[in-house]
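Data first, discussion second: the structure below is written as structure tokens.
The values are calculated or read from the model by the stated rules, or taken from the named source; none is laboratory data. All values reported here derive from a predicted model rather than from experimental measurement. We place every Cβ from the backbone using ideal geometry, glycine too, and count neighbours over all the protein chains shown.
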Amino acid sequence: MAVSPSSSAQQARQALAKRLADLCRDAGLTGLDLAERCGWSRSKSSRIMNAKTPPSADDIRAWCRACGAEDQTEDLIASLRTAEGMWGNWRRMERAGLKQAQEARLPLFERTRRFRAYSSWFVPGLIQTAGYTEAVLRAVQRRRVDVDDVADAVAVRMERQRVLYEGARQFAFLVEESVLRNGLGGPEVQEEQLRHFLTVGSLPSVSLGVVPTRTGRSRMPVEGFWVFDTAQVNVELVSGYLTLTQPSDVAAYGDAFTELAGMAVYGVKARALITSAIQTLR
């Protein structure tokens, strides 16, 4: 089962808080002792140890000095940065526009050799047509982005698709059958996208699976996610963008992908579902 995205970031914060609490305890200090040594209010050390208030890098430096554990300072600050970097609010990420947000992901795509993508909402970006991408990003821009650079953002995403044809890369895409019928962009855009599915699915480096809509399935649809090699998972949620790099988290999403892939159909059966979706547009 995949790890809950919202809980993963919280778990990282709690793990850091526990390490700080253990340092305090190992030094023979109470929370009050530590607060006094750091010149803080009485409640601050307690809030940090209980993961109610995240520490700053300076807080961690002061904490380690007070506990006589300055050799652990940099490692703890690295853990802080990891916890901070796990969650990105969409408005913060896209405040300069959608083009910049698209460009920021390019290095990750360029260094990845094995891609696994699952979507229960819409077509994964690497196999979208320009028209479909425009429909998706236009909806995003209207909902939450003041800057209108949709055309530029579409161009960046289209250019990023070159990774499909360069280098020794492997791609596995899974979509729920409902994605084939979500109607983004209207009938013409949807039909073009579905026909593009058929083309991309024939590439030797691409595996394209469709999870049929049916009763009695072993697991329900989950949030859309990408697994990049075995190094990183990105999860797209309504409120933000989650980055997971802990091996246990990456493995959990890898297991979820394997389970969902086992429920999907491929080849002739997948093409039949896509063709049926095309026919309903006429």
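If Leu203 satisfies all but one of (1) among the aliphatic types (A, V, I, L, M); (2) surrounded by fewer than 18 Cβ atoms within 10 Å (Cβ to Cβ); (3) over 16 Å from Leu126 (Cβ atoms), what's the number of the condition it fails?
Condition not satisfied by Leu203: (3).
Against the condition charged (D, E, K, R) and loosely packed, with under 13 Cβ neighbours inside 10 Å, how does Arg195 come out, does it pass? Step through it out loud before you land on a result.
Details: charged (D, E, K, R): yes; loosely packed, with under 13 Cβ neighbours inside 10 Å: no.
The answer is no for Arg195.
In the set Ala104, Ala139, which member is free of Cβ contacts under 8 Å to residues at least 40 places away in the same chain and either touching a strand residue (DSSP E or B) at 6+ places or on another chain (Cβ under 6 Å) or not aromatic (Phe, Trp, Tyr) (or both)?
Residue meeting the stated conditions: Ala104.
Step by step: first the residues of the stretch 79-102, then only those that are crowded, with 16+ Cβ neighbours inside 10 Å and charged (D, E, K, R), then the one that is farthest from the chain's Cα centre (by Cα). Which residue is that?
The selected residue is Lys99.
Take Phe109 and decide whether it is more than 30 Å from Asp58 (Cα to Cα), under 19 Å from the mean Cα position of the chain (by Cα) and not in a helix (DSSP H, G or I).
no
Would you call Ala117 farther than 17 Å from Ala231 by Cα, in the same structural domain as Ala256 (by TED's automatic domain parsing) and aliphatic (A, V, I, L, M)?
no
When the residues of the stretch 14-43 are filtered to those that are of a type in the set (D, E, K, R) and touching a Leu at 6+ places or on another chain (Cβ under 9 Å), which remaining residue is modelled with the highest pLDDT?
Arg37
Restricting attention to the stretch 20-56, and to residues there that are under 17 Å from Ile77 (Cβ atoms) and loosely packed, with under 15 Cβ neighbours inside 10 Å, which single residue is nearest to the chain's Cα centre (by Cα)?
Applying the filter and picking the extreme gives Pro54.
Return the only residue of Val200, Val189 being aliphatic (A, V, I, L, M) and touching a strand residue (DSSP E or B) at 6+ places or on another chain (Cβ under 7 Å).
The unique qualifying residue is Val200.
Going through the stretch 112-137 one residue at a time, which ones are part of a strand (DSSP E or B) and closer than 15 Å to Arg160 by Cα?
Phe115
Which residue out of Arg65, Arg143 is under 17 Å from Gly240 (Cβ atoms), charged (D, E, K, R) and not in a strand (DSSP E or B)?
Checking each option against the conditions leaves just Arg143.
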